[in-house]
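The numbers here are math on the coordinates, done by the rules we state, and not lab data. A quick note: this is a predicted structure, and the numbers were derived from the prediction, not measured. Neighbour counts run over all protein chains shown; Cβ positions are idealised from the backbone, glycine included.
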Amino acid sequence: MPSIVSMHDVDVTTIVTMTFDRYHGDMNEHWTPSLTSAYGTLHARLLHALRRDIASGALHPDGKMPPHRELARRLGIGVGTVTRAYAEAERLGLLTSTVGRGTFVARSAAPLTESDSLSGPNGYGAPIDLSQNLPSVDPVAGRLRDVLHRLQSRPDIDQIMALPPHAGIDAHRQALAGWLQTTTQFAEIDWRHLIVTTGAQQAMDLAVDAVCRPGDTILTEAATFAGIQAIATNRGLRCFGVAMDREGIDPEALEAAVRAHGARVLYFQPTLQNPTTRTMSSTRRADIAAIAHRHDLTLIEDAVSAPIAFALGQHQPDLLPVAMLAPERTFFLSSVSKALASGLRVGMLVVPDTARFDRVCASMRAASYAAGTIGPLVVAQWIKDGVADQILGAIAQESSTRLALARRMLGDAIEPPSFPTSLHAWLPMTELRAERVANSALRRGVLLTPPASFLIDGASVSGLRLCLNSIARQELEPALRTVRSVLADEIVPGRTSIV
């Protein structure tokens, strides 16, 4: 009589293996890790526990992991923390996921090597993050405590807590307008046309809302700030990337794009462009203004990086904002995010005329009534006391030091930036190579912005952005060493990284 094993044409070893795998797969679903280590943030500690338990065999290959919400419930943490840890583990090759089935320990689980160990180059479970283009927080920390202490004694402090006008409190608008005059070289700014916003992102959104309708096309640089893309997607708009050269937007390409797409709005960053670090010459700025006049283009000029560019005596009087060359058609925006402190969320939008100013104020009222008052109060006080200039100088000095280190370590891989105070560096390369480098860097513990984040339809520019200032200084050199190693692997025959 045939045995059960032979009847099903399965040998005993297979049955035992299947039973073993199923048992350990079930064990994975009951995983409740210890997060008692001191590995940085909560999600970093969870990621470290995951890597540790995979390496030790406590988590079995192919075993299903607990669902995000279930693990969060067991550990008493937020679901977002679990999601981020799982996502980073998947990028590192430790986990795989399938929609509808769940998350599983990878069969090979990213074998550990000398360059791909349990911790990134900073010694923590989470990667060093070179994806956030933010200034160092060190220059502002003590000063924030000082100004908050000073503000307590102001006789009008209670009035600050009242509901402000849609454009903001006049005293704050006047202080911010004066600050823009000196830090962005916008000498002819009219504070009565300035609206205080919750960061530059809201300023950008208000400008787009004032000049675009669903289905419109916004022209941008070929590689541009991801924030404008998010706004366009949210509002049913399309972005088209205009070809660039070493001075930013190419004038001939801009005219061709206007004719081809019938676009009537251009968003651009003439100074220390993000991500390429390029700056328009005075001639190029005049060319852009002339094209805008000829084709009746509305301009949205983003000057967020201008203060950091012109710090440390880097002022160049000929590099006037395009808003001064075409004031009747330019929405000019900036913020303190790159110059003082991104967490204050203080932005500024200068509107061309009274009619559009009223329209933008109506949009502000509908969306959020007005920006908050505490952030602008802090910034206005810093401007009055001269502290804003001190913070800007300290941030610019720090960014200059870090950029110099990056250029020493990465050499010609970095495109020379237009100003030595840039918060980030640009590594031009093909999109495919940029994707490979980003993936390889992440496997070795360094997080870079995915190159697709910057690219627009019609893009002729690609590369990687390295943000140098949002991490502790002691983390920067090992992170750059890792990037240098990945770049070397990309060009040495037989060592090409695989996505």
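Observations on the structure shown:
- Given +1 at the Cβ of Lys and Arg, -1 at the Cβ of Asp and Glu and no other charges, the dipole of the chain around its Cα centre is 700 debye to the nearest 20.
- Averaged over residues, the count of other Cβ atoms within 10 Å places the peptides 178-184, 367-373, 444-450 in the sequence 444-450, 178-184, 367-373, highest first.
- Of 86, 455, 179, farthest towards positive along the dipole that unit charges on Lys, Arg, Asp, Glu beta carbons give the chain: 86
- All other residues whose Cβ lies under 14 angstrom from that of residue 391 are scored, Lys and Arg at +1 and Asp and Glu at -1, for a net of -1.
- Note that the range 219-231 has calculated 3J(HN,Hα) couplings of 7, 9, 5, 4, 10, 8, 4, 5, x, 5, 5, 5, 5 Hz, one per residue in order, obtained from phi through the Karplus relation 6.51 cos²θ - 1.76 cosθ + 1.60 (θ = phi - 60°); glycine and proline are x.
- Residue 239 long-range amide H proximity, modeled H, under 5 Å: 218
- Value of D in µm² per second that Stokes-Einstein yields for the range 155-385, Kirkwood Rh from Cα pairs, at 20 °C (1.002 mPa s): 121
- Principal-axis tilt of helix 473-491 within the chain, Cα atoms, nearest 10 degrees: 70
- C-alpha long axis of helix 199-211 to longest principal axis of the chain, angle in °: 70
- Phi-derived couplings, Karplus 6.51 cos²θ - 1.76 cosθ + 1.60 at θ = phi - 60°, listed residue by residue for the range 442-451: 5, 5, 9, x, 10, 9, 10, 5, x, x Hz, with x used for Gly and Pro.
- Share antiparallel - DSSP beta bridges, the chain, percent rounded to 5: 55
- Computed from Cα positions, the angle between helix 42-56 and the longest principal axis of the chain comes to roughly 20 degrees.
- Think of each Lys and Arg Cβ as +1 and each Asp and Glu Cβ as -1; about the Cα centre, that makes the dipole of the range 155-385 roughly 360 debye.
- Diffusion constant of the range 163-225 at 10 °C, which comes from Stokes-Einstein with the Kirkwood Cα-pair radius and 1.306 mPa s, µm²/s: 116
- Highest to lowest packing among 298-307, 421-430, 281-290, scored as the average C-beta count within 10 Å: 298-307, 421-430, 281-290
- Charge tally in the Cβ shell below 14 Å around residue 352, where Lys, Arg are +1 and Asp, Glu are -1, residue 352 excluded: -3
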